[in-house]
Every structure is written in structure tokens, then in C-alpha cells.
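In what follows, a structure is listed as C-alpha cells, so that the remarks can point back to it.
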Amino acid sequence: MTVYKLTCVICPLSCSVEVEVEGNRVKDVRGFSCTRGKEWAVEEVLSPKRVVMTVIQVRGGKEPVVSVKTDSPIPKERIRELMSYLATLEVEAPISIGQVVVEHPLGLKTKIVATGSVEAVETRGHA
Amino acid sequence: MMYDVVVVGGGPAGLAAASESSKLGLGTLLLDENPRLGGILPQCIHPGFGLHCLGEDLTGPEFAHRLIEEVRRSDVEVKTQAHVTSLAMRSDLVKEVTYASPQGTEAVQAKAVIYAAGARERHRFEVGIAGDRVAGIYTAGEAQAMMDLYGVMPGRRVVIVGSGDVGLIMARRFALEGAEVVGVVEMLPYPGGLARNLMILRDFDIPLYLSHKVTEVRGRGRVERVKVVRVDEELRETGEGFWMECDTLLISAGLVPRVKILRRAGAIIDPATGGPVVNDRLETTLPGVFAAGNSLIINDLVDYAVEQGRTAAKGAGEFVRGNGIPTRRWIRVRREGNVRFVVPHMLGGDRDVWLYTRVSRPVEDALVEVPEIGLRRKVPVLKPSEMLRLRIKAEVEGGRVTLVIK
Amino acid sequence: MRVAIIGAGIVGASIARELSRYEVEVHLVEREADVGWGVSKANTGLIHAGYDDDPERFPNRARLCVEGNRIWHRWVEELDIPHAWSGALVIAKEESEVKVLEGLLRRGERNRVPELRILERDEALSMEPNLVKVEAALYAPTVGQISPPQAVIALVENAVDNGVKVHLDTEVRGVEVSGEKVRGLRTSAGFLEADIVINAAGLYADEISREVGADYFEIRPRKGEYLIFDEDAGPKPSRVLFPTPSERSKGVVVTTEVQGHLMVGPNAQDLPKEEKDDRSTTPKGLREIYKKASEIWPLPPLNKVIRTFSGLRPEPTGGDFVIRAEDVWGFVNVAGMRSPGLTAAPAVAKEVARILAGMGIDLREKTKWKVRRRGIHGNRAGQGRVICRCNLVREPEIREAIRRMKRIGVKTPSVDSVKFRTSATTGTCQGSFCRIEIASILAEEFNSPLWDVTLKGRGSELGVGDVKVLLRR
């Protein structure tokens, strides 16, 4: 049996929540003040997830990078793998905010969405 | 050219102030020094923006986009790359704002000014870090701009000074991009950031050194190591300390309101906030000059900066229409107990207002009171790092208001 | 006739500029990425009057300081060097120190320092009402201030205009001698033939001198630390304020430097002779200068400090400047240029010309010699995007600085090169807003990846690669 001690991040109350786990089953949750906090604590112990924000390199843009995020949280243990994958990408300008940059990277359910915009540099024709 | 309102600064507070001012039917000019609007938001690619004021969890660039769209849809005239260099009071009703633009130096006149020029970061010299002057010492915001706007990796092994939200968010940013965060060094005996950001330390196995400070940097061209010394409760250094090997030192030691122009124009500055003294319209001691956002107080949520921008715009509207805020017996908000600052400093007693306050030291089971209006609230935890926001009712008995935190 | 000058500090640059008026080929060799980055970069920036130096013990210092002061009055105009002829007060806090002032006055008169006089308490206070404690003061109206790195840049730009060739990022590894004559320099960039070698290598002048067997002096680094306050922090004195000096140093100075910031320093800490690269500041040293300066001037609180720095002064054996032609023909030492080296530099340059003439070298004046050089003049009515918000430095000034860097031969893009030419990054925020913007302009102009732009030469790159570099390993 393991007891996980967490500080709840749902609201500024910052409750100290304890989650008692045996094997893969939650035996008890203590210290929460609301059901959202309780659900959060259980998920944080059994299958923690995070939204990932980073930048991706841009080709032909006025900016060298564009900011992106996963549109839903992904399992914490897959963050590194996702980051390594995104490091190999280069997207073509223009990119506008909200645009899906990658659908389901590495078979994940999430999409990678641009959180900013990058204009394309005007290409000058060569005579 | 005479405007009703000139807004100085196109970050969250300034954008909100400009939209609101235009909504009130005021002829509004927004001046911003950067080529693009949004202030610091475009480089804050993490989430946590808009939870209160939009009920959504957005990243900085997304939140900026919303505010900018609102301004674009309004009648606000926008000038970017306009760096305000001075503010002069021509009379109580006319102000002159001088700014440097790519075309040269220009000046405009306004009946009211909303000053929302943001803050700057404390740097290594201000926090007393001695040693070598080498590459690899950056403020958190500078490193953030390098990574998220300019696409440059500042270093491989990072030590971060300060465990506030900015420091923690940058710890995650570095760790995500494959750098090693050697440690976060915090002078105080408790961490500065919000609980949700403290989780970053656990997520990435980053050591936190409480009651420690970085005193010295050594290196030839780049940072090679920094000296870390334990401090006692009075923040005095104890013992010889130890060296941490790193190539980058990030300074996240707090923000300072950028009020040089306000101070030079004659506004009274509150040493407790570093920002101007204001009344409940957020009007400074210069009639018709209002302040909002991080120039007023260092906020920990963008939502508050937006709220202050709107409050200031309403004040500016009242000033423009009434040719001044009607004189009244202003009620000074007094502080008692564990209160580091409270803003606004003066209340008119004619409207409900938000008070923004911080405690000096962390306290559990705190009692927050404003006895004159019968406000009495229990708060489980109050920390200096988390601003407390209180609604104060208009009717104030006996012309006194005291904020007491125990 | 080919002359190679080792070291592009204030001394080497002054010599290069002075020799550029004659029909000789001059090469200026510097190991750093830009000029003026050694001893010249970090000191008090004072043009002394000349009352400090005992003419018996330090004849070169005493003579060349007074002459140098006079020449600087002309050079700052010819070369458009930012300066302030503010004058100075040496403060006696109590009666016992007044005797020392009288000694300084007598020595100054012997050294022919003009316009010196002792002020009584009230007159001193009327000049500087904020003095903490004053009994009497020595007033030296000819004392001035310049920005030493800007002075070096101005001298080198003018020298290059007059045909001098500059070799940056070039370290001297040895002096080639044969038949008791100098033949040239072995450098990191190859062999440079020269008939005359002038050793103005600052802290390393003893090591260079040993190459030709002249090992009668040693240079020891003496560290001095400084504090600079924010532009709005005061009060600021109108004149340079010295405490009554001790035998060893002129003491901690309080001054409003050329850019308008209150500055205090230096202390004096002798380092082992191996530590000629140690430009670190120390918590102890900074506390010491703050305390000492507070004895004569009310200082703002320490949180108004926006910058600390330290510099090294080259202390020669015996204490006097070493200026002479050595036994190996063609080798001239100009070494141990400790204080008042900056003040003396123009006079030293003329002295070197006299030495060369004495060696039988034909110094014919060029028919066309450009005496003037213009500085970069951005001003508040200027145009272009504002880059450095604190000091209002605009993009065209940054680009002009880079053009001038390239013209004198700078090969490594460095933010410091732009800083010394424009004052960008030296304001309240110390570059946290604009350093990366300046770097990106440098990257564009030098056609370099942004992360390879340096702070102060190779080894001080601002980044380690693009933002994904660590994930692709």
C-alpha cells in the first residue's frame, strides 16, 4: 500500500490531499474540499496527464518559431517522446492561431495546435 | 492632435484599457513600444491566462490575440514602435505625451492618460550577485524571449534564482527542451510559486534549495559555476557555501514597475508597491493620469491587469466627461498587521471597489478584516506570492477604512 | 619602415594614431575581438590633473600626466570623444588630512599643474552641498572624465582612416629577433614582419618584454571594483570627489560618470601575478567601496545599483611607467601604464615618436592626415526603431556601430562592441529587453547564426544552438 501526498492545484485553497493506493486501486482519498479536487487527485496518482506547450521551428516565416500546445492533456510519461518528435518538425509559414499543425502525433489522441501566428516572408522573385 | 485618452503600453492592461475607453465613446490612442502588441504575453507560451476573466485556460499568445482582436474591432487608434519618453502636465485637463517613433520624436495631447507600461525584471546586479561578467546570465524573461520568440537555446545546464511562478515556468521550459535544470535557489524558507507550478519541480525532478542564495558567478566566456550559500531567517549568509556547475544562470528575482516617466512627471510613488499612489479610479496623484497593470502593482494573474485596465478606463471616462474627478474627502486605506501593501490607496466612498493586497509573510488560518464595513473573512492560507483581492462596499462608516490581516 | 604595436588599449591606440601622421606602415595587433577590452575597458575614466605623482620617485608619471591632460583637452575635440571637464575636489574630512592637501598642492605646483588651490570648508560646501564631512578641499579644475573604451575606439577609427592596419583576435606568441634586431611577431594568425615592435601589451607587457631579454620589470595585476547607480539615483556630485589619498592609492572616488550615472570606486586589491584574467567582483570588495564612498558622499541604497564591475591595473616593478628602447634594436617598451596611464597616453604616444626619431627613424609627416573623426550621433530627435529603451538607442545607430566595427577589422560579432559604441544595454534594465534584439541585428550583419553571437568575443556565445538543439542529440 502506498500513500501519495499531493497539494491540490484546482483552486488557490491548495488542500493537502492524501491518496491511498493498493496495486492499481484507490483505497481512500482524504483532505479534499470539493469533488473536483478529489477527481484530480485520483487521476494525478493513477494516470497523470499534462498539456504540453512548446515551440516548433518555422520555414519561410517572419518569425523563426511558432508556439504550439497539445489540445488535450497527454500521459505524463509520453512527454519526452513527444518533445523529441516535435524537435524534428519544421512547419511552413504562414501559420495562423488555432491551426492544427500535426494530427495525432505518435498515435496520441491529441492534436498539436498553433497558439500564435507567423506570417510568411514575402518572397522576392529573381530575374 | 488632442485625444480624450492616450493609453501608454499595449500589454494586457493597456489593451483592455483601450478597448474599454473606446467602448465608453472616448477618442483613444494606444501607444506601444514594440513592433507587435501584447506586451510580454506573446513569449508566455504556457497556459494559465484568462481563468478568471474569460473562464478559459489560454496560453499567453492566445490571450493576447483575444485582447488585440477586441482593440482591432474598436475605434482605437494604434501606434506601435512608439516608445514614450515623457509625460508633461500642460494643465490639469491637458497632458502632453512625447514618444520616439521610427519617424522621429512626436508628441500628442490628451485629456486623460492611462499609464500601463508594465514592469521590468530585476537583474543580477540589483540582487547583488558578484563575480564575473560572462555570457549565460539572463533574466527569466530574456531567456523566454530567446527561446520562444527568437528560437535560441540559451544553455545546457541551468541554475534558476527564485522559485516564483516565472522561475518555475522557465524551469519547465528548459527541462522540456532537453536542458538540465540543476536547481532552483530560493532565498526565503518557503517556495514562491502557485501550487500548480510547484508541481513542475516534481514532474521534472528538479531540486529546490530553500533558504539559499546565489552570491557569485564564475567563468571565462560563459558561466562555468555559481556559488550557493545558505541564509538564516534574517537572510544573512551562513557558512562557506558550495559551487554548482552550470553554463546558464537565470534570474527570476521579481519585477519592478516601470514608472520612471510617471515619477519624472511628478507622480508620488508608493515604496511598498513600487508603483504610483492611486485612488479607487486608479488615478495617480497627477490629475487625469491613471495607472493599470504591472506599472501599478506587480500582479500574479493577467486577469487582474485586465481588470485594472478597465477600471482605469472608466475613471478616465469620468475624468473626461466631468472635466476632472469631482473633489471629495478621500478616505485613506490604512494597513494593520500582516499587510505589505494595499491598492488603491484612497477611496471615494461612492462605489464598490476591488482592493488588491499582499501579506508580508505567509500565514495559516488568516483573518482578513475591514472593521469599518463589517468585512470579516477567514482564509486558510495567505502567502506573499499570492495577491488577495477583496470587494469593498461603497458605504464606509466614519470616513475610515482599515485593512487588517492577522 | 614597418611598426607593429602590441595591444590596442588606450596606450597602443594613442601611439597608432600619433604614428599615423607619419610615413610609416603601422600595424596594431590585439588578442581580443575588439579594441580597448583590456585594462582600458574598466577604470575610473579620469583625466587627472597631475598633483598625485612624486616627480622624484615617478618622473615619467609626473611629467607625462600633466602633458597628457593638456593634450586630451585637444584630442577630445578632434576625435569627438564623450567627455566632461568637471574638475575635482580632494576632500579632507578632518584637520589632520589638511596637511596632506597642502603637500599635494606643493607637489602639483612643482609638476606645473595649473589652477590648483585649497578651498575652505564653506567654499567646498557651496560647490558640493551634499558632502558628508569636509574640513577643506583641494580644487583641481583641470580634472576631466572620458569614457576610456570610447576613446580607444575613436583613436583607432581615426588611425585606420589614416592607414593603420588593425589585427584583432590575434594573439602575439613571440617576438622574432635576429642579429640583435627585431624582425617581427609570431602570432596566432601567422608571422607579421616588423622593423619596430612597440610593446603596449598592458598586463602582459612583462611577458612580451622577456621575449627580447628585457626582464628587469614585472607587471602585477591590481584589481579595482566599482558600483554604478541608476540614472535617477542621487544626489550626484558636479565634480569628481577624491578622499585624501594614501601612499598606495588615490582612494575610492565618487563621481557622476560621462553618461550621467553616479559611480563609486575603485578599491585596490593586489592579485598574484598569474591572475591577469580575474575581472570578477567580490561581495566583500563591493561592500568595502560602498562603505568608503559613504564617508564622503550620501549614497543611494544598494538596490539602486544597476551595475558592478572590476578592472585590473598593471602595476610595474618600481611603480613608474617603463618607456624606453631596449638593447634589441627596434623593440620599445611602453609598459606598466598604471594610473595615470589613461591621462598620460597622448603624451606617451608623443614620447614614443621622439624615441623612434632618436633611433634615427625618418618620421616624415604625411601630406594628407585626417585630424578629425566624428562619433556616432544618435540623438533624441533621431529616426529609426528604438532598440535600447533605457538609453534611447535606435536601430540606425546600432547598424552604424556595426559598420564601424567592420571597418576597423572586427570579425567576431559581440554585443559589447555595440555597447561601447552606442551605450545600448547600459541603462536601468542592463539589456534584459534589448540584448537579444541587438544580437539579432549583429547576426544579420555578420551573417552568423543568432546563437553564435557573443557577449564579448569567442567563448562567450549567447546560446548553444537553436531551441531544439538539445532534443535532437
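The table below gives the values:
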| quantity | calculated |
| --- | --- |
| q = 0.07 Å⁻¹: log10 I(q)/I(0) that the Debye formula gives for chain B, counting C-alpha atoms only | -0.34 |
| Average Cα contact separation per residue, the stretch B:114-206, under 8 Å, 6 or more apart, as relative contact order % | 23 |
| Translational D in µm²/s for the stretch B:123-253 (Stokes-Einstein at 10 °C, 1.306 mPa s, Kirkwood Rh from C-alpha pairs) | 110 |
| The stretch C:1-45 and the stretch B:274-352: distance between their alpha carbon centers, rounded to Å | 58 |
| Fewest-first ranking of B:379, A:65, B:368, using other Cβ atoms within 10 Å as the exposure measure | B:379, B:368, A:65 |
| Nitroxide proxy distance, nm - points 7 Å out along Cα→Cβ at residue A:2 and residue C:303 | 4.4 |
| Lysine pairs in chain A with Cα atoms under 29 Å, if 8 or more residues apart or on separate chains | 22 |
| Integer Hz, Karplus 6.51/-1.76/1.60 couplings in order for the stretch B:35-52, x for Gly and Pro | x, 10, 6, x, x, 7, 4, x, 9, 8, 7, 7, x, x, 9, x, 4, 7 |
| For residue C:33, distant residues with modelled amide H under 5 Å away | C:169 |
| Footprinting exposure proxy for C:460, C:40 (fewest neighbouring C-beta atoms within 10 Å first) | C:460, C:40 |
| Chain C - mean residue ellipticity at 222 nm from DSSP helices (-39,500 (n - 2.57) per run, n ≥ 4, rounded to 500) | -9000 deg cm²/dmol |
| Cα convex hull of the stretch C:151-276 - mean projected area over all directions, nm² | 11.5 |
| Calculated [θ] (222 nm, deg cm²/dmol) that DSSP helices of n ≥ 4 give over chain B, each run adding -39,500 (n - 2.57) | -6500 deg cm²/dmol |
| Packing rank of B:306-312, C:285-291, where each peptide gets the mean count of other beta carbons within 10 Å, highest leading | B:306-312, C:285-291 |
| Student exercise, the stretch B:123-253 dipole from Lys, Arg, Asp, Glu Cβ charges, in Debye to nearest 20 | 260 |
| Principal semi-axes in Å for the stretch B:2-44 [√(5λ), Cα gyration tensor, largest first] | 20, 11, 6 |
| Cα-based Rg / Dmax (Å) for the protein assembly as shown | 31.2, 101 |
| Exposure proxy order (Cβ contacts within 10 Å, fewest to most) of A:40, C:75 | A:40, C:75 |
| Quotient of Cα Rg and 2.2 N^0.38 Å for the stretch B:305-395, N being how many residues it contains | 1.21 |
| Table column - 3J(HN,Hα) (Hz), the stretch C:442-451, Karplus curve with 6.51, -1.76, 1.60, x for Gly and Pro | 4, 4, 5, 5, 9, 6, 10, x, 4, 5 |
| Cβ-based charge dipole, the protein assembly as shown, positive-most Cα from C:132, B:313, C:310 | B:313 |
| Out-of-range pairs (alpha-carbon distance over 24 Å; input B:79/C:456; B:227/C:276; C:165/C:368; B:111/C:236; C:133/C:291; C:165/C:276) | B:79/C:456; B:111/C:236; C:165/C:276 |
| Taking chain C and dividing mean pair separation by its residue count, relative contact order in percent (alpha carbons under 8 Å, at least six apart) | 20 |
| Lysines whose Cα lies under 23 Å from that of residue B:393, excluding same-chain neighbours fewer than 8 positions away | B:314, B:378, B:406 |
| Other protein chain Cβ atoms within 10 Å, averaged over every residue that makes up B:53-65 | 3 |
| Globularity ratio of the stretch C:376-473, using Cα Rg and 2.2 N^0.38 Å | 1.09 |
| Alpha-carbon Rg/Rh ratio, for chain C, with Rh computed the Kirkwood way | 0.97 |
| For residue A:74, distant residues with modelled amide H under 5 Å away | A:50, A:51, A:52 |
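Quick note: the coordinates plus some simple rules give every number you see, no bench work behind them. These numbers were taken from a predicted model, which means no experiment stands behind them. Because the Cβ atoms are built from the backbone with ideal geometry, glycine has one as well, and the counts that use them run over all protein chains shown.
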